[in-house]
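Worksheet: one structure, shown below.
The values are calculated or read from the model by the stated rules, or taken from the named source; none is laboratory data. Everything quoted here is computed from the prediction, not taken from an experiment. Cβ: placed from backbone, ideal geometry, glycine included. Neighbour counts: every protein chain shown. We work out accessible area using only protein heavy atoms, side chains counted, and drop any ligands, DNA or RNA first. Shrake-Rupley method; radii C 1.70, N 1.55, O 1.52, S 1.80 Å.
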Amino acid sequence: MLSPIVRRGTRLALSGWYRAFHRDLRDPARSQSRLLGQLIARIARTDYGRSLGIRPGDSYREFAEKAPIVEYEAIEPWIARQAASSDAIVTPDPIVVYEETSGSSGPRKLVPYTDALLASFDRFFRLWTCDLLAHGPRLQTGKTLASVSPAVRDGGVTPSGVPIGFDDDTRYLSRLSRWLFGSRFIPSPGALGSDDLSLFLRVLATRALAERDLEVIFFWSPSYLTSILDWVADHREQVLTDLERGAIEAGRLVTAVTPRRDLQSVLAGDRPIDWQQVWPRLKLLSCWTDGSAGLFVKRLERELPGVWIQGKGLLATEGPITVPLCRSPAPVPLLGEVFLEFESDDGEVYRLHEIEPGREYEVILSQKGGLTRYRMNDRVRVTGTYHQTPCLRFLGRNSCVTDLAGEKLNERFVREAILRAYGDGDGSMDGDDFAYLVPAVRADGLSGYVCVTDGARGGLSLTSALERELSAALERELSRAFQYRNARVLGQLAPVRTIVRSDAKVRYTRHFLARGMKWGDMKYDTLIGAVDEAELAELTR
């Protein structure tokens, strides 16, 4: 149990970081300038920095003139060189691990992790924990299920011998944090030596259900949690057997779980599961709630009544960008760990202390692992300030734009169109529904778009009449875009076609896992970018 002494001791151990961070919030320009000086000194010691002419002591203006704003494709050759060498190519520090990430429209990307970058993630966790203990719900056990979904197969190593991916999620944390909190983490499955998604979910879900005293769930993606809830609902007998036995046995895999025998009546039959009986102490769910992730919040609110769902802010594989605080109107930038710039719609670039409340910007990141002026393709809105620092609300991704015939559909517009066509009229999906739009390029006829859903307005039967009805509704919404409507009128695009597939979510998940994305990273973009013929078949047929 988390006794008052343990709570006070933990807060005391973290309070130095917490107080220093709040001092930084009162003068973000000074904090960011101090960090930039450190980053410039590090970059100047790398081949990449020397190629740009960056020198220690460069001012922000000199740094911005020399270092271009880049996307991954521009620095991929440099990262490939780094992956094949221990030299200081993009970072002067040794690489501890490479993490994989991917977007809606691209192949896998390798992000180098140094001890300094891992310390940034650790600081995020410490600040969040200290703030939660000070101002959040009163925790008694502290039992936490935390998972960022490591790859279900061995990620391998780079040519220089550096591993790709962590087997243990707690490796994001420092030894001190693991010592302070490790005993309260429910172990998440690491690499299982298998690409069986059902097996991964079985291990994770059973370990979670075995813990009656669970109080906190810490995930990145809410759709990751809904996948666990769905898996349990579909495999009740298997879960009960594993919990009764106290072990999961699948082929050569044998892993112990805490036996639990009080869930027979809760999981029996096919009625909805009362998750309050499964986890009677659950108080907090920390996950993404902004952008497309918000589509799943309504369902989680319904299935986890009384649980505080706290938005995680902008936490990416490339770095921890914002941290949520209980008393701030929106997440605040992690000032001493990441240097942030913001590009407006007119192409002007601003520093953090220069951005204005109510305006929207695209985020540009420089961090301690070797990414310099890296375009995140994340769009944010400034929603007020905390102390003197702008608070940032994540809106969505800018990177996924499809253009078959000049229509230039973007993810945010498509998400809103699907919500209006298939949703509940209140800006959200039901939560049991799942839908995505994919371009269908046809060599033998007119190209267009296919919307795959697992049954929007779920009470209706899955019939061809329903598919026609949903197609017509979505066509009306997409036609609000002038360029899409023109392309349709001119006969350049076929009308959107809706198909209902009960396994739509599984198809989506497998598609992005095949592209190298980690399950827990999936933000659920409603628009999928360019796909080849085989990918289109896997997503739609």
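Put a plus charge on the Cβ of each Lys and Arg, a minus charge on the Cβ of each Asp and Glu, and nothing anywhere else: the dipole of the range 282-358 about its Cα centre is then about 800 debye.
For the chain, the solvent-accessible area works out to 41 Å² per residue, with a probe of 1.4 Å and every protein chain left in place. Per-residue surface analysis assigns Lys408 an accessible area of about 110 Å², computed on protein heavy atoms at 1.4 Å probe radius.
Here the accessible area is traced with a 1.4 Å probe on the protein chains. For the chain, carbon and sulfur cover 48 percent of it. Under the membrane-span-like helix rule (DSSP H runs whose alpha carbons stretch at least 20 Å along the helix axis, mean Kyte-Doolittle hydropathy -0.5 or higher), the chain yields 4-25, 28-43, 115-135, 464-478.
Ranking Ser344, Gln367, Ala268 by Cα position along the charge dipole of the chain, where only Lys, Arg, Asp and Glu carry charges on their C-beta atoms, puts Gln367 farthest toward the positive end. Other residues within the sphere of radius under 13 Å centred on the Cβ of Asp503, judged by their own Cβ, net out at +1 (K and R +1, D and E -1). From the coordinates of this entry, P(r) over Cα pairs in 10 Å bins from 0, in percent is computed, and it appears in (i) 3, 11, 17, 18, 14, 11, 8, 5, 4, 3, 2, 1, 1, 1, 1, 0, 0; (ii) 3, 17, 27, 28, 18, 6, 1, 0; (iii) 3, 14, 19, 19, 17, 14, 8, 4, 2, 0, 0 under the label (ii). Between amide H atoms placed 1.01 Å from N, distances below 5 Å from Asp378 occur with Val363, Asn398, all of them 5 or more places distant or on a separate chain. Relative intensity of the range 285-423 on a log10 scale, I(q)/I(0) at q = 0.08, 0.11, 0.20, 0.22 Å⁻¹, equals -0.24, -0.45, -1.27, -1.41, per a Debye sum over C-alpha point scatterers of equal strength in the absence of solvent. Specify which residue in the list Pro92, Thr526, Thr241 is farthest towards the positive end of the charge dipole of the chain, using unit charges on the beta carbon of Lys, Arg (+1) and Asp, Glu (-1), about the Cα centre. Ranked along the dipole, the leading option is Pro92.
Let me know the charge dipole size of the chain about its Cα centre in debye, to the nearest 20, where only the beta-carbon of Lys, Arg (+1) and Asp, Glu (-1) is charged. Intermediate values should be presented prior to the final figure.
Working: 71 positive and 71 negative charges, 330 e Å.
With Lys and Arg at +1 and Asp and Glu at -1, about 1580 debye.
Looking at the chain alone, DSSP beta bridges between its own residues are antiparallel in about 70 percent of cases. When +1 charges are put on Lys and Arg Cβ atoms and -1 charges on Asp and Glu Cβ atoms, the dipole computed for the range 478-541 relative to its Cα centre reaches about 280 debye.
Remark: the range 222-264 projects, on average over all directions, an area of 3.6 nm² (convex hull of Cα atoms).
Residues whose amide H lies under 5 Å from that of Val97, counting only those 5 or more places away or on a different chain, are Tyr113; hydrogens are built 1.01 Å from N in the peptide plane.
For every helix of n ≥ 4 consecutive DSSP H residues, a contribution of -39,500 (n - 2.57) applies; sum these over the chain, divide by its total residues, and give [θ] at 222 nm rounded to the nearest 500 deg cm²/dmol.
Helix contribution divided over all residues of the chain: -11000 deg cm²/dmol.
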